Amino acid sequence: TETTCIQTETRGRVATITLHRPEALNALNSVLVRELIDAALAFDADPGIGAIVITGSAKAFAAGADIKEMAELGYSDMYLGGPFPGWAGFERMRTPVIAAVAGFALGGGCELAMMCDIILAADTAKFGQPEINLGILPGFGGSQRLPRAIGKYKAAEMVLTGRMMGAEEAERSGLVSRVVPADSLLDEAHAVAETIASKSLPAVYAAKEALQVAQESPLSEGLRFERQAFAAAFATEDQKEGMRAFAEKRDPEFTHR
Ligand code: HXC
C-alpha cells in the first residue's frame, strides 16, 4: 500500500520502518501514526519477520506529536483517541522492536522510543519530554515509562522542566541500550535485529513478554509468569534443538525463525 509519511523495507527476517516527514522533523500527525501502526502490526503478524527497526532521519527520530494538528482539539477528541487511536495494538506486538534514534526524540517521539524493546542511540540523539512548555504533560506513556527507565528524580526533572538529555546522559541513566556513532546507527540496529531474528521465534516472543511483565507487575507476579513461560519453553522443538546443538558443538537449526 502507498504510504506518505513512512517508508518500509524488509531485508531477510528484518523489517525497517523509517519515519519520513522531513518538513516537520517527523512530528507524529494522524496520518503518520496510522501508517506506522498499520505497518508495524502487519510485520508483527508475519512470521517471516523476526525483528522490526523503527528509525527517523539524521536530524530527528520524531519531534513529538504534531502540535499544529493537536492545537484546537478538545477533551473528547483526546479522550476518544484523538489523532492517535490504535496504540494499544502497537504495545501488544510480540515481535521485538528496536528504536534507532538520531537527533530529536521529544515528547511523543521519546515516548514512541520507550514503547520499543531496545533503544539504540546515535551520539547525536537528544531525548526530552517538553510537553510542559506547551501547557500539557506527556500523553503517550512518558510520565510512566520515563521514571521506570531512569528513576523518579531524573524523570521528574525532565518532565517538569522540559530539559533535553543528550545521548551520553541517556545511556548513563538507563534510557538507552547503547550509544553508537551516528554514521553506524542503522548498521548497528540491523545487526541487533538480525541477531534477534536468528533465534527461536517462540523463545523470543516469550522472552519479550516476560520483560514486559517485569515492567508492569510486582516481582512475585513476574516470577510466577517466568516460571510458567520457562517450563513452556521445554515443550518446543527449538529447545530440544538448541540444547542438542550445544552438546554437539554445532549451530542450532531452529524450526521457528
Ligand atoms: C508540529 C513541528 C514539531 C511538532 C517541529 N515542527 N516539531 N510541527 N509538531 N512537534 C516543525 C516546525 O514547526 C518547523 O516547521 C519544522 O518542523 C522545523 O522545526 P524548527 O523548529 O524550525 O527546527 P529547530 O529550530 O531545529 O528546532 C527543533 C526543535 C523544535 C527543538 C525540535 O522544532 C521543537 O521544539 N519542536 C517541538 C518539540 C515539542 O514540543 N514536542 C512535544 C510535542 S507534544 P516550519 O513549517 O516552521 O518550517 C507531544 C505530546 C505527546 O508530543 C502525547 C500525545 C498524546
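A protection proxy built from the mean count of other Cβ atoms within 10 Å ranks the segments 152-164, 125-137, 70-82, most packed first, as 125-137, 152-164, 70-82. Assuming charge only on the beta carbon of Lys and Arg (+1) and of Asp and Glu (-1), the dipole of the chain about its Cα centre is about 620 debye to the nearest 20. Taking a point 7 Å out from the Cα of residue 178 in the direction of its Cβ, the residues of the range 106-131 whose backbone N falls within less than 14 Å of it are 118-123.
The residues 111, 69, 168, when put in order of fewest to most other Cβ atoms within 10 Å, stand as 168, 69, 111. According to the square roots a ≥ b ≥ c of the eigenvalues of the Cα gyration tensor, what is the shape class of the range 177-233, taking rounded for a/c under 1.5, prolate for a/b larger than b/c otherwise, and oblate for the remainder? Oblate, since a/c reaches 1.5 and b/c is not below a/b. Estimate the FRET efficiency between residue 220 and residue 148 by the formula 1/(1 + (r/R0)^6), using the beta-carbon distance for r and 22 Å for R0, to the nearest 0.05. The calculated FRET efficiency here is 0.80. Note on residue 245 and residue 38: the extension gain reaches 70.7 nm, defined as 0.36 nm multiplied by sequence separation minus the Cα-Cα distance. Between the range 81-139 and the range 202-257, what's the alpha-carbon centroid distance in Å? Cα centroid of the range 81-139 versus Cα centroid of the range 202-257: 28 Å apart. For the chain, the number of Lys pairs separated by eight or more positions or lying on different chains, with C-alpha atoms closer than 17 Å, is 6.
Return the long-range amide H neighbours of residue 6 (sequence gap of 5 or more, or a different chain), with a cut-off of under 5 Å between placed amide H atoms. Result for residue 6 returns 20. For the range 109-115, backbone phi angles converted through the Karplus equation (6.51, -1.76, 1.60; θ = phi - 60°) give residue-by-residue couplings of x, 5, 5, 4, 4, 6, 7 Hz, Gly and Pro being listed as x. Set against the 2.2 N^0.38 Å expectation for a compact globular protein, the chain has a Cα radius of gyration ratio of 1.04.
Which net charge results for the neighbourhood of residue 89, defined as the other residues with beta-carbon distances under 12 angstrom from its beta-carbon, given Lys and Arg at +1 and Asp and Glu at -1? Charge balance in the 12 Å sphere: 0.
Each stretch of four or more DSSP H residues adds -39500 (n - 2.57); spread over every residue of the chain, this sum gives -13500 deg cm²/dmol at 222 nm. Label separation (residue 11 vs residue 256): 2.7 nm, computed from points 7 Å beyond Cα along the C-beta direction. The angle separating the long axis of helix 237-247 from the principal Cα axis of greatest extent in the chain is about 70 degrees. Rank 170, 105, 45 by mean-square fluctuation in a GNM of the chain with C-alpha springs under 10 angstrom and give only the top-ranked residue. Highest fluctuation of the listed residues: 45. Taking amide H as placed 1.01 Å from N in the peptide plane, residue 53 has its amide H under 5 Å from the amide H of 15, 16, 17, 98, each at least 5 places away in sequence or on another chain. Extension gain for residue 23-residue 156 works out to 44.8 nm (0.36 nm per residue, less the C-alpha to C-alpha distance). Cα-Cα pairs above 12 Å in the range 93-134: how many percent? Here the long-distance tail beyond 12 Å is 57 percent of all Cα pairs in the range 93-134.
Is the shape of the range 71-212 best called rounded, prolate or oblate, per the rule: a/c under 1.5 gives rounded, else a/b larger than b/c gives prolate, else oblate, with a ≥ b ≥ c the square roots of the Cα gyration tensor eigenvalues? Judged from the Cα gyration tensor, the range 71-212 comes out oblate (a/c at least 1.5, b/c at or above a/b).
Given their separation in residues at 0.36 nm each and the Cα-Cα distance between them, residue 123 and residue 46 gain 24.5 nm when the chain is fully extended. Evaluated at q = 0.21 Å⁻¹, a Debye calculation over the C-alpha positions of the range 3-152 (equal weights, vacuum) places log10 I(q)/I(0) at -1.47. Taking the C-alpha atoms only, the angle from helix 219-233 to the longest principal axis of the chain is near 40 degrees. Put simply, the amide H of residue 60, placed in the peptide plane, has neighbours under 5 Å in 104, leaving out anything fewer than 5 places away on its chain. The listed peptides 233-239, 247-253, 140-146, ordered by packing as a protection proxy, come out as 140-146, 233-239, 247-253 (highest mean of other Cβ atoms within 10 Å first).
Take the alpha carbon gyration tensor of the range 136-257, find the square roots of its eigenvalues, order them as a ≥ b ≥ c, and report rounded if a/c is under 1.5; if not, report prolate when a/b exceeds b/c, else oblate. In terms of gyration-tensor shape, oblate.
All of the numbers you see were taken from the coordinates with simple rules; none came from a lab. Keep in mind the model is a prediction, meaning the values are calculated, not measured. No Cβ is skipped: glycine too gets one built from the backbone with ideal geometry, and neighbour counts run over all protein chains shown.
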